[in-house]
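Only one structure is covered here, and it is reproduced in the block below.
A short reminder: the numbers here are calculations on the coordinates, not readings from a lab. All figures in this text were calculated on a predicted structure; none of them were measured in a lab. Please note: Cβ atoms are built from the backbone with ideal geometry, for glycine as well, and neighbour counts cover all protein chains shown.
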Amino acid sequence: MKFLRAVPLMVAAGLIMAGCQLNFLKNPCEKIYHQLEKSASEEKEFNQVQKPLVDAEGKEQTLYNQLVNVDKNNDKKTSQLSQQAIQSVEKRSRLIKKEKDSIDKAYQTFKKILPQISKIKDDEAKQEAERMANTMSTRYKNYQKLYNDYQSALTDDRKLYELFNDQKLKADTLQKQLEKVNSHYQTIDKDKDAFNKATKTFNQQKKIFYNVADIDKEE
């Protein structure tokens, strides 16, 4: 029986910043621009944790493969590898929390544009701003689901690694736990795709809004 664990590879897309030159904030569109760019800058930590998170996931997969293949009579080596894998889970937990804090902070800043949208006089610009706000709301909800599902996966990953310390561990017990873990990551893949799709759409809509609102962008 092959105990194959899914590789998470948690890569998520962040917001794109646009260089714009404004002498002062004189209308709702420019005030919206200010909050949008501030929101994007507050996702800096979100972007910074992507590589360490993927690196930790890759290292953990290597540890799992070693656990599966280690001599079952080598309790010391099994315990050592299990502990390292659990430490990796804890590291991923810290990284994903930093990621969430960054997303939450950026979203709170983003919400400050909402009162300004109703003040936009140009109908086309207002429509684009409303569309953009709806997409950001969807993106944020998608991330919350992604985060919650990832937390569940971390919990079951830890349980999986703890099982290897059970000298009476049965193959079917390991297989059942592994299936739970793999199911989590299948769900996470879908969550990640939904989040990244919303991010891409939002970044496109923001460009359209800047063009319609005649925001003077630096190239």
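Of the trypsin sites (Lys or Arg not before Pro) in segment 123-202, the ones in a loop by DSSP (not H, G, I, E or B) with at most 14 other beta carbons within 10 Å are K168, K170.
Between K51, K31, K121, the Gaussian network model of the chain with springs among Cα atoms under 10 angstrom shows the greatest mean-square fluctuation at K121. What pairs in K159/K180; K44/K180; K145/K190; K97/K190; K111/K141 have C-alpha atoms more than 22 Å from each other? Among K159/K180; K44/K180; K145/K190; K97/K190; K111/K141, the Cα-Cα distance tops 22 Å for K44/K180. Take every Cα pair under 8 Å whose residues are at least 6 apart in sequence, average their separation, divide by the length of segment 28-212, and the relative contact order is 29 percent.
Just checking the listed ones, Q108, Q61, Q48: in the Gaussian network model of the chain with Cα springs under 10 Å, the one fluctuating most is Q108.
Please report how far the C-alpha centroid of segment 82-98 lies from that of segment 148-219, rounded to the nearest whole angstrom. Each part's Cα centre sits 15 Å from the other's. Computed over the Cα atoms of segment 47-98, pair by distinct pair, the Kirkwood hydrodynamic radius stands at 11.6 angstrom. Altogether, the Stokes-Einstein calculation at 37 °C and 0.692 mPa s, with the Kirkwood radius of the chain over Cα pairs as Rh, returns a diffusion coefficient of 168 µm²/s. Taking a cut-off of 14 Å between Cα atoms, list the aspartates and glutamates near K59, but don't count ones fewer than 8 places away on the same chain. Output for K59: E90, D157.
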